[in-house]
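Student: Take a look at the following structure, please.
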Amino acid sequence: MRRFKEFIIEKLILVCGVASIFFVVLIFLFLAKEGLAVIKTVSPFKFLFGKSWYPISEPAQLGILPLILGSLLVTLGAAIISVPIGVGCAIYIAEIAPVKLKEILKAGIEMLAAIPSVVLGFIGMITLAPLVKNIFHLPTGLTALSGSIMLAFMAMPTIVSIAEDALYSVPKNYKEGAFALGATHWQTIWRVMLPAASSGIVAAVMLGIGRVIGETMAVMMITGNAAVIPKSIFVPVRTLTATIAAEMGEAVVGSEHYFALFAIGIVLFVISFAINVTADLFLHKRQ
Amino acid sequence: MAKLMKNPYRTQKIAFSLLILATLLIVVPVGLIIVIIIQKGLPAINWQFISDIPRQGMRSGGIFPAIIGTFYLVTGAIIFALPIGLLAAIYLSEYAKDNLLTRLVKLAIVNLAGVPSVVYGLFGLALFVVFFKFGASILSGSLTLGIMILPIIITTSREALESIPQSFREVSLSLGASKWQTIRHIVLPNAIPGILTGTILGLGRAAGETAPILFTVAAFYLPQLPNSIFDQAMALPYHLYVISTQVPNVDEKIRYGTALVLLALVLFMNLVAIIIRYRFRKKKKW
């Protein structure tokens with residue numbers, strides 16, 4: 001009887017063990033089931049590179065190029081801000097900060113990662129957006145730039161914690177060797193630690209960027225939501241994620257608009273899948 | 001620049017100052033965000049705000065239904081995700097061999113963690129709301145959130161299980177206990193703090209997310225409490241989104257108050273998780 005009970009339990013453990021694969025496949029299948037129907041209205045090429053997104057006009061124009069460019073612009077801006085700051089902070093925490101401060105900083109970074117994106121969006125909307133508007137004399141502060149700044153803060157915790165991890169796992173004797181040769185602490189960091197941790201840091205940056213591309217609420221609240229091809233970073237844009245979040249509420253189930261939004265979901269899923277698999281390869285290269 | 005590089009100590013000084021600057025550029029804005037929300041939100045918080053329903057088109061009254069909605073959603077998510085996540089962690093730490101299947105499982109977990117939250121929303125809509133016909137309901141929202149927090153629970157629980165020394169298992173097995181008895185009576189009890197940390201982190205994440213519940217459960221304005229898991233519900237993060245972007249002329253105090261309640265809830269859970277983990281690491285018996 002006990003044998004039988006254990007047999008059942010072990011099978012249950014196996015099923016739950018592979019459940020993650022099941023869910024990933026399930027997500028993809030259901031996105032595909034709803035999203036691929038868009039091909040009936042618009043060719044894949046026209047969908048990805050069409051220059052206008054007017055989903056409810058007659059006939060509907062379903063080109064997501066403006067949304068892709070919006071996502072890219074905001075992400076690029078966020079990466080430019082968050083990568084140097086994030087990696088710098090990671091080096092400070094891993095190498096320079098005293099032990100006590102290190103613990104506090106790490107807990108603080110974890111707290112930043114935990115702040116809900118809708119809260120960051122809210123605070124960005126009423127503090128950052130007016131600031132951007134006044135500094136650059138813009139008609140509105142809800143621009144790609146504001147989005148980039150806010151998103152940089154969402155990417156930083158990921159970048160800091162994974163890069164710090166990578167620096168921490170560089171073998172101690174690398175550092176001791178450099179010191180023994182008379183290198184200063186900074187020379188050791190710059191010439192020995194950073195190159196040794198480089199694949200982990202690349203992974204950190206990629207995962208940070210992955211977080212930014214997938215971020216929805218904050219970006220929807222502060223980028224101004226204009227689905228046109230952006231000409232500069234000072235204009236309102238709309239990202240892939242924000243389009244889904246903003247329009248799915250009004251889209252009728254089974255309409256071409258509904259299918260198109262799921263097709264955007266497929267694009268996002270594929271992007272995040274590619275980023276995560278590549279980052280994972282970089283992380284394993286290190287070991 | 002060439003001249004500066006010649007003096008390694010001066011270079012070091014400049015470099016270290018820049019690193020400190022980078023750290024401050026993260027710490028100071030985050031501190032400011034939290035201080036502003038506390039300062040402007042605190043005056044709004046009183047018993048009525050916590051316990052009353054929203055009134056006058058959400059321009060006055062309280063946020064009670066949103067708090068309750070979030071409570072239901074989070075509870076539902078954890079009921080779904082904890083057993084599956086824990087068993088999956090046991091599989092990875094105790095049973096999995098170093099083969100292709102294990103590699104795929106790990107890759108799947110990494111990918112689940114990276115799927116954008118709004119894509120979870122779409123998935124929940126397609127599977128639970130439309131395909132299973134649960135409609136926009138607490139059930140649909142909980143299941144969607146549950147799948148979303150699965151990777152957090154698996155990763156932290158697995159870390160806790162793997163930190164138990166191999167010798168514990170060997171002693172138990174050598175005394176004639178079966179593999180499952182060893183896991184049940186030796187490995188799991190020692191890993192409880194770590195599992196708890198993962199659970200609380202998962203709860204915090206589920207409480208704060210908006211995008212996955214947008215189309216699966218969230219009600220714009222629902223002045224009564226849900227009666228069953230097939231009802232729609234309000235939720236704190238969605239409520240904050242609604243009153244800050246969709247409803248004009250909401251008193252700033254109410255917006256900040258709602259943000260404060262949500263932020264406090266999420267940060268409190270994370271703080272608890274950090275403290276449990278910190279004490280667990282300090283008290284480790286091995």
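The values are calculated or read from the model by the stated rules, or taken from the named source; none is laboratory data. This one's a predicted model, so the numbers in the text were calculated from it and none came from an experiment. When we count neighbours, we look across all protein chains shown, and the Cβ atoms used for this are built from the backbone with ideal geometry, even at glycine.
Student: Tell me, which residue of region A:126-142 that is under 17 Å from residue B:32 (Cα atoms) and in contact (Cβ under 8 Å) with a residue 24 or more places away in the chain is nearest to the other protein chains (Cβ to nearest Cβ)?
Tutor: A:128
Student: For region A:31-54, which positions are farther than 30 Å from residue B:147 by Cα and surrounded by fewer than 20 Cβ atoms within 10 Å (Cβ to Cβ)?
Tutor: Let us first name the residues in region A:31-54 that are farther than 30 Å from residue B:147 by Cα, namely A:40-43, A:45-46, A:49-54.
Across region A:31-54, the qualifying residues are A:40, A:41, A:43, A:45, A:46, A:49, A:50, A:51, A:52, A:54.
Student: Could you count how many residues in region B:63-75 are touching a helix residue (DSSP H, G or I) at 6+ places or on another chain (Cβ under 6 Å) and surrounded by 22 or more Cβ atoms within 10 Å (Cβ to Cβ)?
Tutor: Matching residues across region B:63-75 total 5.
Student: Shifting gears a bit: Which count do you get for residues in region A:143-199 that are outside any helix (DSSP H, G or I) and within 12 Å of another protein chain (Cβ to nearest Cβ)?
Tutor: Here the count works out to 3.
Student: I need the full set of residues from region B:90-105 which are within 8 Å of another protein chain (Cβ to nearest Cβ), free of Cβ contacts under 8 Å to residues at least 40 places away in the same chain and assigned to a helix (DSSP H, G or I), in order please.
Tutor: Once the filter is applied, which keeps residues that are within 8 Å of another protein chain (Cβ to nearest Cβ), free of Cβ contacts under 8 Å to residues at least 40 places away in the same chain and assigned to a helix (DSSP H, G or I), region B:90-105 yields B:91, B:95, B:101, B:104, B:105.
Student: Inspect region B:208-220 for any residue being over 23 Å from residue A:225 (Cβ atoms), among the hydrophobic types (A, V, I, L, M, F, W, C) and either part of a helix (DSSP H, G or I) or more than 9 Å from every other protein chain (Cβ to nearest Cβ) (or both) and give the result as yes or no.
Tutor: yes
To keep it simple, each residue is scored yes or no on (1) closer than 16 Å to residue A:117 by Cα; (2) without any contact (Cβ under 8 Å) to a residue 40 or more places away in the chain; (3) out of contact with any Asp or Glu (no Cβ under 8 Å at 6 or more places or on another chain).
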{"site": "B:192", "(1), (2), (3)": "no, yes, yes"}
{"site": "B:199", "(1), (2), (3)": "no, no, yes"}
{"site": "B:216", "(1), (2), (3)": "no, no, yes"}
{"site": "B:220", "(1), (2), (3)": "no, yes, yes"}
{"site": "B:234", "(1), (2), (3)": "no, no, yes"}
{"site": "B:241", "(1), (2), (3)": "yes, yes, yes"}
{"site": "B:246", "(1), (2), (3)": "no, yes, yes"}
{"site": "B:250", "(1), (2), (3)": "no, no, yes"}
{"site": "B:265", "(1), (2), (3)": "yes, no, yes"}
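Student: Being surrounded by 23 or more Cβ atoms within 10 Å (Cβ to Cβ), in contact with a strand residue (DSSP E or B) (Cβ under 8 Å, 6 or more places away or on another chain) and part of a helix (DSSP H, G or I): is that true of residue A:218 here?
Tutor: No: the conditions fail for residue A:218.
Student: Another question, if that's okay. Can you list the helices (runs of 4 or more DSSP H) lying wholly within region A:27-125 that have 2 or more residues being within 12 Å of chain B (Cβ to nearest Cβ) and at pLDDT below 90?
Tutor: On the way: elements: A:44-49, A:65-91, A:99-114, A:117-123.
Output list reads A:99-114.
Student: Could you check residue B:249 against (1) surrounded by fewer than 19 Cβ atoms within 10 Å (Cβ to Cβ); (2) assigned to a helix (DSSP H, G or I) and say which number it fails?
Tutor: (2)
Student: Look at residue B:273 and say whether it is within 30 Å of residue A:224 (Cα to Cα), within 12 Å of chain A (Cβ to nearest Cβ) and assigned to a helix (DSSP H, G or I).
Tutor: no
Student: Moving to a separate point now. Keeping to region A:128-142, report how many residues are out of contact with any helix residue (DSSP H, G or I) (no Cβ under 7 Å at 6 or more places or on another chain) and part of a helix (DSSP H, G or I).
Tutor: Count: 5.
Student: Tell me, yes or no, whether region A:8-30 has at least one residue that is over 26 Å from the mean Cα position of the chain (by Cα), among the aromatic types (Phe, Trp, Tyr) and either exposed (fewer than 15 other Cβ atoms within 10 Å of the Cβ) or farther than 16 Å from residue A:268 by Cβ (or both).
Tutor: no
Student: How many residues are in a loop (DSSP other than H, G, I, E, B), facing another protein chain (nearest Cβ under 10 Å) and either within 17 Å of the chain's Cα centre (by Cα) or without any contact (Cβ under 8 Å) to a residue 40 or more places away in the chain (or both) when one looks only at region A:240-287?
Tutor: 4
Student: Turning to a different aspect of this structure: Can you go through B:80, B:71, B:16 and tell me which one is closer than 30 Å to residue B:157 by Cβ, in a helix (DSSP H, G or I) and within 14 Å of chain A (Cβ to nearest Cβ)?
Tutor: So the residue among B:80, B:71, B:16 that is closer than 30 Å to residue B:157 by Cβ, in a helix (DSSP H, G or I) and within 14 Å of chain A (Cβ to nearest Cβ) is B:80.
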